[in-house]
């Protein structure tokens with residue numbers, strides 16, 4: 001789950017500032033295989049944002065719709081710290097942005113997400129974890145109506161690697177089970193042969 005967005009209030013200012021984290025560096029579970037119980041995870045490397053193109057990043061709601069802030073206009077600030085990708089946005093520049101500020105202030109919307117493309121990643125079969133090492137471009141940071149949804153995120157960002165990892169794991173598990181079953185049949189056959197010889 002992504003961190004809660006917070007309101008920064010300043011009675012002396014007309015700005016309506018919200019802040020939070022669109023991404024963190026802790027690994028998170030994207031999918032749990034119902035057959036094996038295997039958890040497939042994703043993690044953002046601490047240097048993944050080092051060379052990312054963030055020349056024009058938008059603040060949106062659920063990754064779509066009207067732009068409510070934008071780093072190109074100075075109403076959106078992005079920074080990377082030890083925790084993750086921090087977002088500070090001024091939601092005072094349009095009616096929709098001010099509505100979003102009120103929704104965040106009232107706790108109706110309190111989660112964040114982000115949209116990006118991957119430059120480099122790696123997958124560990126030991127831990128079933130995909131690590132995003134470098135990002136190519138950051139498109140938007142969004143307030144979202146629901147906590148981070150692994151199913152939705154998978155389809156938007158990482159279905160191909162996850163599907164491939166699951167298929168490979170399942171194929172190997174099926175092969176292993178088939179080999180164990182063959183071994184049991186061989187052992188049963190050998191036992192039957194021994195018993196038949198003993199009764200002669």
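The values are calculated or read from the model by the stated rules, or taken from the named source; none is laboratory data. These figures come from a predicted structure and were not determined experimentally. Here Cβ is always computed from backbone atoms with ideal geometry, including for glycine, and neighbour counts include all displayed protein chains.
Among the residues of the range 34-64, just one is loosely packed, with under 11 Cβ neighbours inside 10 Å and in a strand (DSSP E or B), namely 64. Pairing each residue of the range 110-125 that is under 12 Å from residue 44 (Cβ atoms) with any residue that is part of a loop (DSSP other than H, G, I, E, B), provided the two are 6+ apart or on different chains, yields C-beta distances under 8 Å for 116/52. The conditions are (1) more than 28 Å from residue 127 (Cα to Cα); (2) surrounded by fewer than 21 Cβ atoms within 10 Å (Cβ to Cβ), and residue 16 fails exactly one of them. Which is it? Residue 16 satisfies every listed condition except (2). Applying a threshold of 7 Å to beta carbon distances and a minimum spacing of six or more residues, or different chains, the list of pairs starting in the range 162-177 at a residue that is at positive phi and surrounded by 10 or more Cβ atoms within 10 Å (Cβ to Cβ) and ending at one that is at pLDDT 75 or above and not in a helix (DSSP H, G or I) is empty.
The set of residues in the range 55-73 that are in contact with a strand residue (DSSP E or B) (Cβ under 8 Å, 6 or more places away or on another chain) and within 15 Å of residue 15 (Cα to Cα) comprises 68, 69, 70.
Return yes when residue 92 is surrounded by 15 or more Cβ atoms within 10 Å (Cβ to Cβ), touching a residue at least 24 places away in the same chain (Cβ under 8 Å), at negative phi and part of a loop (DSSP other than H, G, I, E, B) and no when it is not.
Criteria met by residue 92.
Residues in the range 78-89 that are surrounded by 14 or more Cβ atoms within 10 Å (Cβ to Cβ) and either farther than 16 Å from residue 56 by Cα or modelled with pLDDT under 95 (or both): 80, 84, 85, 86, 87, 88, 89.
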